[in-house]
Amino acid sequence: MRYTILILSLLVLLLFMPAVQAEDTNEWTALGNAALDAGKYSDALTYFNNALAQDAKHATALSGKATALNGLGNYSAALEAADATLALRSKDERAITARALSLFRLQRWSEAVTAYDAMFVFQPNLAGPCCNQGYAYMQLNNSAAAITSYKKCTTLDTTNLMEWNNLGLAYMNAGDYASAISAFDTATAITIFNATSWNNKGKVYVALGQYNDALTCFNKALGIDPNFAEAKANKEEMTGKSQTFYYSATTVATPPTLNRLGTTPATPAPEETIMATPSASPVVEPSVVTTTIPVAAKTTFSPLSPATVVLALIGAAIAGAYLVARK
C-alpha cells in the first residue's frame, strides 16, 4: 500500500512540475531588437520590459527600451531609460542617440545641441540629426551655428527641400542675404511648387531693396497658395510702394499650414533621426504612452503541458504494472 501511495505522490508532483521558461534575458532582448528593426515599437517595449524584469541592469535592453519609447512618442520615459543605460555603460551608442532625440523632442534645445555633439562622435554623417541640431540652434538664436549644421545637413541630403529653406532662413537671420537667396534658389529648383520658399525669398529681396523681384516672388507664392496670408500681406505692402519693408530676422518664420510645402512634403525620418523644420510648427510632445506592459514570469506552471501528461501516463503505467505484479 505504501508503494502505491508513493507512486501516486510522484504522479501529483509531475503534474505540477513547472514548464521550462522559453526565453531568458538575452532572448527577450534579441526579440526586442528584431521588433525595433521592424518598426514594431510597442512589441519591442514589451520584450525589453520582459528582459528587464529578469535583469534590471541589462544595458542593451535599457537602451532598446529608450529607442522604443522614442518611437512611441514617450520622450520623457525614453530620456530616463537612456540616462539609466549610460549610468551603466557610458559609451552606449544607441542610448546616446536616443538621448539626443528625446531632448530634442522635449524642446530642451541647449541640452539637445550638446547631446547631438556626443552622437556625432560616432555617427558624424547622418542628415537628420544635423537638421535637428540646426533647428535647436535656431531656437537658441545662434544663426552662425545653425548655418554650420544646416550646411552639413544639405550636403548629406541634397534634395531636402525644407532644409534648404531652413538654411536660407538661417542666412537671413545672420544678415547674409546673398547666401540666403542662393539657398532659396536651390529650394525652388527642387520644386517650383513651394509657396513658403518663394515667400521667404521675396522677403530677402525686400531687405536688399529689390522690390520688383520681391513682388514677383510673392506673386509666385500666391499662385501656389492663394490663401497664404503672410504672402498676401507682403504683396500688399509692396504693391505701388518703394518704402522700407519691415520684418524681423530674429525669429523663424512659421507658415500658417503645411500644405505649402509643394510637391515634395517633408517625410519623417527613422526614429533616431527624425527631422524637424523651423518653417514648420514647433515640435510638440504627444500624449504620454502607457508603459505598464505585462511582464512574463520567470517560470510558468502548465499542468496540462504535453510533457507533463506524457510523464504522468508513464508513471501510471509503471504503477499499474507494479500493482499487477504484487497480486
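The values are calculated or read from the model by the stated rules, or taken from the named source; none is laboratory data. Everything numeric in this text was worked out from a predicted model, so none of it was measured. Note that each Cβ is placed from the backbone with ideal geometry, even for glycine, and that neighbours are counted across all protein chains shown.
Structure notes:
- First in segment 157-186 and in contact (Cβ under 8 Å) with a residue 12 or more places away in the chain, second anywhere and of a type in the set (D, E, K, R), Cβ under 6 Å, 6 or more apart: Phe184/Lys201
- Residues in segment 53-75 that are within 23 Å of Ala38 (Cα to Cα), part of a helix (DSSP H, G or I) and polar (S, T, N, Q) were compared, and the one that is farthest from the chain's Cα centre (by Cα) is Thr60.
- When Asp117 is tested against (1) assigned by TED's automatic domain parsing to the domain that holds Asn132; (2) at pLDDT below 95; (3) of a type in the set (D, E, K, R), just one condition goes unmet, and that condition is (2).
- A residue that is surrounded by fewer than 16 Cβ atoms within 10 Å (Cβ to Cβ) and in contact (Cβ under 8 Å) with a residue 40 or more places away in the chain can be found somewhere in segment 75-82.
- Any hit, segment 2-13, residues being modelled with pLDDT under 95, farther than 30 Å from Ser149 by Cβ and in contact with a strand residue (DSSP E or B) (Cβ under 9 Å, 6 or more places away or on another chain): no
- Selection count, segment 126-146, where residues are surrounded by fewer than 23 Cβ atoms within 10 Å (Cβ to Cβ), more than 18 Å from Asp92 (Cα to Cα) and of a type outside the set (Ser, Thr, Tyr): 8
Residues checked against (1) of a type in the set (Phe, Trp, Tyr); (2) buried (at least 17 other Cβ atoms within 10 Å of the Cβ); (3) under 26 Å from Val113 (Cα atoms):
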{"position": "Ser149", "(1), (2), (3)": "no, yes, yes"}
{"position": "Asn173", "(1), (2), (3)": "no, yes, yes"}
{"position": "Phe184", "(1), (2), (3)": "yes, yes, yes"}
{"position": "Asn194", "(1), (2), (3)": "no, yes, no"}
{"position": "Gly202", "(1), (2), (3)": "no, yes, no"}
{"position": "Ala207", "(1), (2), (3)": "no, yes, no"}
{"position": "Leu215", "(1), (2), (3)": "no, yes, no"}
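- Residue within segment 201-214 that is in contact (Cβ under 8 Å) with a residue 60 or more places away in the chain, within 33 Å of the chain's Cα centre (by Cα) and in the same structural domain as Tyr116 (by TED's automatic domain parsing) present: no
- Scope segment 77-122; condition part of a loop (DSSP other than H, G, I, E, B) and under 19 Å from Ala145 (Cα atoms); matching residues: Gln107, Arg108, Val121
- Number of residues in segment 121-146 that are within 18 Å of the chain's Cα centre (by Cα) and free of Cβ contacts under 8 Å to residues at least 12 places away in the same chain: the value is 1.
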